[in-house]
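Step one of this worksheet: look at the structure below.
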Ligand SMILES: [Zn+2]
Ligand SMILES: [Zn+2]
């Protein structure tokens, strides 16, 4: 099996090198468990974490995939916060313009874990699964209620009621604190997004409303039930000390999480090694993601996501995640199982 898959991987790689068009390939549902295979080197640019304006990104789904193609990204996951609204228009843009990029259906679910807000990315989810959509709707409702409360509290601090404005900034998708920050900058209450967080939205400030997200294990179960794999997003962004980070990785693994983001744009090689060490300790594989929200000098789709050869990437442990070209699919369908 390993040999067949290895051959299959080489076929995929060579097809990609020849500029094989990936569009219109239907994503196949993932298997149930990790399938470790031999060394697989796909010469592809893969970015498994990005946002559109259906959550707190600034680009439309079409603009995002076009930008990814411009950056020579071969495989892109769109992972908006608690919503899958960006996926269909992104796929439509890819199909219509025959863009040479594969879209992976993703989502990023906010969870509460010991007073921390922890994000879990789901990759390869079935974005039409009615149970999953209904579950995401409950998170959306929590977001709306929190946003209404934030708007209410801010009105007591010389900010005119802004719920509708903030809702519009989210394009009917997931309202986040970043939308409040953008709105407050737009109306001149602060010069920068970080300034808004510091003066209005941080814990203890006027617009702060505690989170009420689902638990870590619930998010993992939602993702698995929708056929996806669960990835701990940006483990170093939560500013946990070593003890808490280890505990997070351990509990994520015990709750049947599958992978953690080892490569993010701002992570140093030393930090990547540290996360990968924890992944190995708790039987997780490695994902990569820019967490791109908007064009900036310090972040770009597909940039800075390099991992060394000894790290086991999520697409190697779960080869179904990346769709093979049709010619390879026909040959490998009985070997991949
Ligand atoms: Zn996140
Ligand atoms: Zn994100």
If you go through 110, 105, the only one that is more than 18 Å from residue 256 (Cβ to Cβ), assigned by TED's automatic domain parsing to the domain that holds residue 262, modelled with pLDDT of 95 or more and within 14 Å of ligand 1 (Cβ to nearest atom) is 110
Worksheet entry | Residue match in the range 86-94 (condition: over 22 Å from residue 210 (Cα atoms), in contact with a strand residue (DSSP E or B) (Cβ under 7 Å, 6 or more places away or on another chain), within 16 Å of ligand 1 (Cβ to nearest atom) and in contact (Cβ under 8 Å) with a residue 24 or more places away in the chain) | yes
Taking residue 236 as the residue in question, decide whether it is without any contact (Cβ under 8 Å) to a residue 60 or more places away in the chain and within 16 Å of ligand 2 (Cβ to nearest atom).
yes
In this structure, is residue 140 out of contact with any helix residue (DSSP H, G or I) (no Cβ under 6 Å at 6 or more places or on another chain), part of a helix (DSSP H, G or I), closer than 25 Å to residue 234 by Cβ and away from ligand 2 (no atom under 16 Å from the Cβ)?
-> yes
Going through (1) in contact with a helix residue (DSSP H, G or I) (Cβ under 7 Å, 6 or more places away or on another chain); (2) outside any helix (DSSP H, G or I); (3) in contact (Cβ under 8 Å) with a residue 24 or more places away in the chain one by one, residue 271 fails only at (2)
Of (1) within 15 Å of ligand 1 (Cβ to nearest atom); (2) at pLDDT below 95; (3) surrounded by 14 or more Cβ atoms within 10 Å (Cβ to Cβ), residue 195 fails just (1)
Note on the range 249-269: residues over 15 Å from the mean Cα position of the chain (by Cα) and within 14 Å of ligand 2 (Cβ to nearest atom) are 266
Counting only helices (runs of 4 or more DSSP H) wholly inside the range 148-248, the ones holding at least 1 residues that are over 25 Å from the mean Cα position of the chain (by Cα) and farther than 30 Å from residue 126 by Cα are 163-169, 177-186, 193-196
If we ask which residues in the range 65-76 are surrounded by fewer than 24 Cβ atoms within 10 Å (Cβ to Cβ), in a loop (DSSP other than H, G, I, E, B) and in contact with a strand residue (DSSP E or B) (Cβ under 8 Å, 6 or more places away or on another chain), their number turns out to be 1
Going through the range 44-59 in order, the residues found to be within 11 Å of ligand 2 (Cβ to nearest atom) and outside any loop (DSSP other than H, G, I, E, B) are 50
Note on the range 77-123: residues away from ligand 2 (no atom under 13 Å from the Cβ), assigned to a strand (DSSP E or B) and closer than 17 Å to residue 47 by Cα are 102, 103, 104, 105
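The values are calculated or read from the model by the stated rules, or taken from the named source; none is laboratory data. Please read all numbers here as calculations on a predicted model, not as lab measurements. Don't worry about glycine lacking a Cβ; one is built from the backbone with ideal geometry, like all the others, and counts go over all protein chains shown.
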